[in-house]
Amino acid sequence: MGLVELTEEIVKSLVQNPDAVSVKEFPTEEENVMLIQVMVEDEDMGRVIGREGRTANAIRTLVQASSAIKENKYIKIDIDKF
C-alpha cells in the first residue's frame with residue numbers, strides 16, 4: 001500500500017461521508033519531499049483535524065513512519081475542505 005492510499009484509508013475511516021474524500025499527491029520542488037493533499041467536506045473537517053490538531057498530527061505521524069520504512073521521504077499533508 002502506497003502512502004497516498006494509506007492516507008486515504010485513514011481519513012475515510014474518520015469521516016461521515018467517505019465517498020467525498022479526495023486524496024492526491026502533488027510534486028514539490030524540494031528533493032525527497034512528498035505533498036499529499038486531502039480534501040473533505042466542510043462538516044468532516046473537525047473530525048479529520050481533531051481537537052487542537054491532534055488527529056491531523058497523528059495522521060501525519062503514521063504516514064511519516066510508513067514513509068521511513070518504505071520510501072524514506074518527508075511527507076507534508078495539507079488538509080482542506082471543498
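Structure values in brief
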read-out: Odd one out for Ala65, checked against (1) touching a helix residue (DSSP H, G or I) at 6+ places or on another chain (Cβ under 8 Å); (2) surrounded by fewer than 15 Cβ atoms within 10 Å (Cβ to Cβ); value: (1)
read-out: Residue list for the stretch 4-39, restricted to those being among the β-branched types (Val, Ile, Thr) and under 9 Å from the mean Cα position of the chain (by Cα); value: Val4, Thr7, Ile10, Val11, Val23, Ile36, Val38
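We did not get these values from a lab; they are worked out from the coordinates using the rules stated. Quick caveat, the model's predicted, so the values are computed rather than measured. Heads up, the Cβs are rebuilt from the backbone with ideal geometry, glycines too, and the neighbour counts pull from every protein chain shown.
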